[in-house]
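The values are calculated or read from the model by the stated rules, or taken from the named source; none is laboratory data. Because the structure is a prediction, the values reported are computed rather than measured. Every residue, glycine among them, receives a Cβ derived from its backbone with ideal geometry; neighbour counts consider all protein chains shown.
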Amino acid sequence: MLHFIYNPNAGNNNAARKANILKKLYAVPNSKVWETTKALEATYFTKKAIEENASRIIAVGGDGTVNEVASVLTETTIPLGIIPIGSGNGLARHLHIPLKFEAALDKAIHGHEIAIDVGLLNNKMFFCTAGIGFDAKVAQLFAKSKKRGFFNYIKATISALIIYKPIEISINHGPMQKVYSLTFANASQFGNNAYISPFSDLQDAYLEMVKIKPIHLLNAGLLVMQLFSKKIHQSRKVNIQSIKSITVQYMGMVPLHMDGEALLTESATLEISIDPLALLVIV
């Protein structure tokens with residue numbers, strides 16, 4: 001049986017759109033729909049679906065919902081389907097899963113399975129990107145916004161550019177250095193076709209560490225253009241390195257995100273690693 005984990009708060013969908021989504025999900029034969037109402041409920045519903053011998057579990061939501069469902073399915077033989085209705089949809093975009101609901105639904109039901117790598121940050125899983133610094137600050141501001149969608153994401157980005165200051169870090173116990181941001185990419189983009197690591201491969205058993213050096217506000221516009229045109233690797237302010245594991249230490253409180261969700265830092269040390277081909281995904 002197919003099990004759908006649906007987050008009605010994902011993206012910027014109105015009441016009519018939400019009702020239409022539910023109608024189409026309930027119309028799928030031999031399936032069950034779980035509708036979340038609060039954070040971490042997708043995790044609980046995924047565990048219940050496993051107990052009920054689900055053949056496929058399909059996350060209907062944004063990157064946060066995908067993260068919750070996928071974190072439970074890792075190291076199981078049950079594949080994850082994705083129907084992207086969120087704001088960024090980074091993992092779905094990387095996997096070329098359609099953004100139109102009907103096409104994504106058909107793909108989730110009839111698509112084939114592949115295995116992809118899973119990133120780990122202090123033993124918490126991420127599937128698209130994780131990081132500290134500027135991108136995490138944007139996620140933090142976006143989370144506080146009452147509205148979702150691409151334009152509100154851009155608004156959060158502009159606000160972050162005005163108030164954000166570089167952070168100081170140490171990599172593998174080396175000397176302290178200032179960076180604008182430090183991103184660990186399993187997939188190629190944050191979402192919304194913002195390609196932070198254009199050549200990342202979900203099946204190569206590596207993460208890409210993308211380090212952006214401190215930049216002047218006046219130069220930020222060029223970097224943003226390179227981000228959306230798959231050319232960020234051409235910037236002299238950007239260094240991209242393939243890694244399997246790494247340790248990062250920092251001073252004070254810094255913004256942190258995993259798959260676009262803003263989090264509070266719980267320690268001054270990050271241990272990042274990769275679990276190769278640990279998750280089955282339907283594409």
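Annotations
- Criterion (over 20 Å from Pro166 (Cα atoms) and either without any contact (Cβ under 8 Å) to a residue 40 or more places away in the chain or not assigned by TED's automatic domain parsing to the domain that holds Lys137 (or both)) met by exactly one of Val281, Val238: Val281
- Filter pass, Ile169 being of a type in the set (Val, Ile, Thr), in contact with a Leu (Cβ under 6 Å, 6 or more places away or on another chain) and outside any helix (DSSP H, G or I): no
- With respect to the conditions (1) more than 29 Å from Leu279 (Cβ to Cβ); (2) in contact (Cβ under 8 Å) with a residue 40 or more places away in the chain; (3) not in a strand (DSSP E or B), Pro175 lacks only one, and its number is (2).
- Criterion (small (Gly, Ala, Ser) and either in the same structural domain as Asp201 (by TED's automatic domain parsing) or not in a loop (DSSP other than H, G, I, E, B) (or both)) met by exactly one of Gly64, Gly86: Gly64
- Considering only residues in region 98-127 that are touching a helix residue (DSSP H, G or I) at 6+ places or on another chain (Cβ under 6 Å) and over 18 Å from Arg17 (Cα atoms), the one that is surrounded by the fewest Cβ atoms within 10 Å (Cβ to Cβ) turns out to be Met125.
- Filter pass, Gly81 being buried (at least 20 other Cβ atoms within 10 Å of the Cβ), within 20 Å of the chain's Cα centre (by Cα) and not in a loop (DSSP other than H, G, I, E, B): yes
- Ile154 surrounded by 15 or more Cβ atoms within 10 Å (Cβ to Cβ) and over 14 Å from the mean Cα position of the chain (by Cα): no
- Residue under evaluation Tyr195, criteria (1) surrounded by 14 or more Cβ atoms within 10 Å (Cβ to Cβ); (2) in contact (Cβ under 8 Å) with a residue 60 or more places away in the chain; (3) not in a helix (DSSP H, G or I), criterion not met: (2)
- Tally of residues being free of Cβ contacts under 8 Å to residues at least 12 places away in the same chain and of a type in the set (A, V, I, L, M) across region 20-40: 2
- Scanning region 200-216 turns up one or more residues that are at pLDDT below 95 and in contact with a helix residue (DSSP H, G or I) (Cβ under 8 Å, 6 or more places away or on another chain).
- Check on Thr43, surrounded by fewer than 18 Cβ atoms within 10 Å (Cβ to Cβ), touching a residue at least 24 places away in the same chain (Cβ under 8 Å), within 18 Å of the chain's Cα centre (by Cα) and not in a strand (DSSP E or B): yes
- Residues in region 8-27 include at least one that is of a type in the set (A, V, I, L, M, F, W, C), touching a strand residue (DSSP E or B) at 6+ places or on another chain (Cβ under 6 Å) and under 22 Å from Lys124 (Cα atoms).
- Within region 5-19, considering residues that are in contact (Cβ under 8 Å) with a residue 60 or more places away in the chain and among the hydrophobic types (A, V, I, L, M, F, W, C), the one surrounded by the fewest Cβ atoms within 10 Å (Cβ to Cβ): Ala10
- Residue match in region 54-71 (condition: over 17 Å from the mean Cα position of the chain (by Cα) and crowded, with 24+ Cβ neighbours inside 10 Å): yes
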